[in-house]
1. Once both labels are modelled 7 Å past Cα along the beta-carbon direction, what's the B:Leu76-B:Gln133 spacing in nm?
2. Give me the lysines in straight-line cross-link reach of A:Lys31: C-alpha distance below 19 Å, same-chain residues under 8 apart excluded.
3. Looking only at trypsin sites (Lys or Arg not before Pro) in DSSP loops with at most 15 other Cβ atoms within 10 Å, what is the longest site-free stretch of chain B?
4. Sort B:Ile7, B:Ile140 so that the residue with the fewest other Cβ atoms within 10 Å of its own Cβ comes first and the one with the most comes last.
5. Could you please state, rounded to a whole Å, how far the C-alpha centre of the stretch B:1-76 is from the C-alpha centre of the stretch B:84-100?
6. Quote the Stokes-Einstein diffusion coefficient, in whole µm² s⁻¹, for the stretch A:34-133, based on the Kirkwood radius over alpha carbon pairs, a temperature of 20 °C and a viscosity of 1.002 mPa s.
7. Exceeding 23 Å between C-alpha atoms, which entries from my cross-link table qualify? They are A:Lys83/B:Lys113; B:Lys113/B:Lys149; B:Lys63/B:Lys138.
8. Normalised radius of gyration for the protein assembly as shown, please: alpha carbon Rg relative to 2.2 N^0.38 Å, two decimal places.
Amino acid sequence: MSKKLTILMIVPVALMALVISGFSYQNQDNKFTANPSDNLVIPDNVNEILDNKCFGCHNVDAKSDKAKEKLLLDQLTTLSKAKIVAKLDDIHEVVEKGEMPPEKFLEKFPDKALTDEEATILKNWAKSASDELMGE
Amino acid sequence: MSKELKIILLALAGIFVIIQFIPANKPANEPSDYDFFASNMVPADIELMIRTSCFDCHSQEVKYPWYAHIAPSSWLVARDIRHGRHHLDFSKWNDLDKRKKLDALDEISDEVKHGDMPMPIYTIIHTDAKLTQEQRNKLIDWADDLAEKVFEE
């Protein structure tokens with residue numbers, strides 16, 4: 001086989017490998033699964049929305065300091081009950097007001113917008129989980 | 001002094017005088033019998049920290065500095081106090097329900113942890129309001145403890 005042909009074959013294979021490893025890297029690292037805890041259980045359908053629409057910014061390794069300061073989903077369930085109530089109330093409020101995901105972010109990633117159904121699921125969960133913790 | 005410079009300085013002085021007539025609407029202090037610190041058994045060192053670093057915007061015991069009476073700084077002071085009290089007013093703590101108290105304490109803990117409060121622009125002038133890391137940690141622990149107590153009530 002000529003040298004040229006070898007290179008021609010190696011390049012696409014290497015590129016494919018890079019793309020595949022890139023994808024799997026994303027999948028492994030950007031997946032949100034709540035830490036099991038007695039304080040808060042996150043149902044699968046809520047977990048999926050949080051994973052798809054929120055976790056990209058609200059995780060310990062994310063770039064945005066502001067998002068991380070406000071909420072770290074990977075630590076949510078391990079907080080005290082008192083703090084979980086406050087965080088759930090915040091989640092309910094920002095979704096209700098349509099403040100999250102932020103408008104600026106959605107300009108770049110319009111597919112990250114919450115559908116009406118997703119917003120309703122999130123709000124209902126935040127409210128009922130918070131009420132339950134408060135014994136209401 | 002050149003003629004142009006004189007004109008510019010005079011104009012600036014004129015503007016300064018004129019803006020003094022634009023009211024800043026500084027929020028007044030409403031007297032109240034409620035004592036946040038006594039009611040929540042706040043330790044003395046924490047009380048001092050909160051009084052020094054938070055009370056000028058988050059209470060009805062605001063001490064207005066001299067520049068709060070002169071435009072344009074008076075506008076900034078008035079705005080910060082209005083915003084500050086809107087988010088948290090220690091003097092009206094008891095008007096909050098349990099849930100709002102938990103929200104406020106979580107916010108205190110987070111804002112202090114991340115250095116957002118006291119506002120850096122405030123501590124430039126009020127250097128005594130600056131919090132050391134040790135003070136921050138104490139304040140955070142206190143807020144988290146009080147949140148636990150409020151939650152158990």
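1. Distance between label points: 2.9 nm.
2. A:Lys53, A:Lys63, A:Lys68, A:Lys112
3. B:64-129
4. Ranking B:Ile7, B:Ile140 by Cβ neighbours within 10 Å, fewest first, gives B:Ile7, B:Ile140.
5. 21 Å
6. It comes out at roughly 157 µm²/s.
7. B:Lys63/B:Lys138
8. Normalised Cα radius of gyration, the protein assembly as shown: 1.37.
Values quoted throughout were computed directly from the atomic coordinates according to the rules given, and no laboratory measurement underlies them. Owing to the predicted nature of the structure, the values given are computational and were not obtained by experimental measurement. In this analysis, Cβ positions are derived from the backbone assuming ideal geometry, glycine residues included, and neighbour counts consider all displayed protein chains.
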